[in-house]
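Each value in this text was obtained by applying a stated rule to the coordinates, not by laboratory testing. For clarity, every value in this text was computed on a predicted model and none was experimentally measured. Backbone-built Cβ (ideal geometry, glycine too); neighbour counts: all protein chains shown.
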Amino acid sequence: MRFGLCCLFKEEKVTFRTTTAKNLSLLSLDLQLQKLSGICLHNVSNLFLALETVQRFGIGAFRIMSPLFPRMTHPEVGYTLADLPDGADIQQLLDNIRKFAQQNSIRLSFHPDQFVVLSSPHVTVVENSIRELEYQAMLAEAVGAEVINVHAGGVYGDKHLALSRFGAVFQGLSETLRSRLTVENDDISYTVRDLLPLCRELAVPLVYDVHHHRCNPDGLTVAEATEQAAETWRTVGREQYCHISSPRNGWSSGDPKPHADYIDPVDFPDCWLGREMTVDVEAKAKELAVVRLMQDLGQ
């Protein structure tokens, strides 16, 4: 079993920068590209540092922040890697990241923001979602990431119809993206049971979030959901991916959806122990939470 860190660090000196379309629009094109180039160079340098750090901790997976190249897909201030003054250096660092991850068996993934919705009935939302996902597929190809994980989106009054739209849109995506796309059960709308038929039909692996399943149950036990999700990964010959978190205020008081700083070992499913799988730790204390969970489980 390998454990994954999600995007950021609590104490380690690894930082990522961003900017807004509004700030960029105030600059000339040359100055825009200079600013973006500096930010992107900083971010890929720190991504390499992030992988060195997780390797030092014995953490086996890392989720890369979606805006690694900020505003790249924006309709007004968007750009390509070739446009950036530091483009060649950035590309070399991406190559180095891919090699380092491969050499150290660090599994890389992306998890796009909630505005990425392939099941939306609104054409503009879908077009923007595809543009963002194809950008992440380009990055995933560059660094060797094998997972781009999304939620199914809204229900829009008809789950079956919404998932049908998802399936239709999926067929038009690039192979680079389709081969990496995964779907995750959420804590409000789509359960494991809802998503399994779609995953089987499209040969899309299901990322099983046990916290979401506990918040939004569907009659399957954790063991049943884990195994049925695992089968979608076996179908494509890849290692299962799951998520773990604990409720900030506990299970008996208030809303259980917000994540706690650390993982309560009681929340870690017994049926996961000994399995060959990747578990992303979604906790506010970031690397501290991953290390503590690994220690709690005797890893």
The distance between the Cα centres of segment 172-197 and segment 138-167, in whole Å, is 5 Å
Using amide H atoms built in the peptide plane, which far-off residues or other-chain residues are under 5 Å from VAL147 H to H? PHE110
How long is segment 185-299 along each principal axis, judged by its Cα atoms, biggest number first, in Å? 37, 32, 21
Counting Lys and Arg as +1 and Asp and Glu as -1, each charge on the Cβ, what is the dipole of segment 185-299 about the Cα centre in debye, to the nearest 20? 120 debye
Please name which of HIS122, THR176, TRP272 has its Cα lying farthest along the dipole of the chain towards the positive end, using unit charges on Cβ (Lys, Arg +1; Asp, Glu -1) and the Cα centre as origin. THR176
Which of SER179, SER37, SER252, SER246 has the fewest Cβ neighbours within 10 Å, and the rest in rising order: SER252, SER179, SER37, SER246
In nanometres, what is the gap between the two model label sites at LYS10 and GLU134, each 7 Å from Cα along Cα-to-Cβ? 4.0 nm
Across the chain, qualifying lysine pairs (alpha carbons under 24 Å, at least 8 places apart or different chains) come out at 11
Please give the residues of segment 74-104, grouped as numeric ranges, whose backbone N is less than 16 Å from a label point set 7 Å along the Cα-to-Cβ vector of HIS42. 85-86, 90
Quick one: PHE166, PHE48, fewest Cβ neighbours within 10 Å first, how do they rank? PHE48, PHE166
Quick calc, the chain, dipole around Cα centre from Cβ unit charges on Lys, Arg (+) and Asp, Glu (-), nearest 20 debye, gives 340 debye
State whether segment 78-232 is rounded, prolate or oblate according to the following rule on the C-alpha gyration tensor (a ≥ b ≥ c being the square roots of its eigenvalues): a/c under 1.5 gives rounded; otherwise a/b larger than b/c gives prolate, and the remaining case gives oblate. oblate
Can you tell me the Rg and the Dmax, both Å, for the Cα atoms in the chain? 19.2, 57
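Relative to the present Cα-Cα distance, how much length would full extension add between GLN114 and GLU146 at 0.36 nm per residue of separation?
Gain on extension, GLN114 to GLU146, equals 9.5 nm.
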Extreme residue, positive dipole direction of the chain, given options MET294, GLY58, TRP233 (C-beta unit charges): GLY58
With only helices counted (DSSP H, runs n ≥ 4, each -39500 (n - 2.57)), the per-residue ellipticity at 222 nm for the chain, to the nearest 500, works out to -14000 deg cm²/dmol
Quick one: order TYR135, TYR156, TYR241, TYR262 by neighbouring beta-carbon count within 10 Å, fewest to most. TYR156, TYR262, TYR135, TYR241
Percent relative contact order of the chain, based on C-alpha pairs within less than 8 angstrom and at least six residues apart? 18 percent
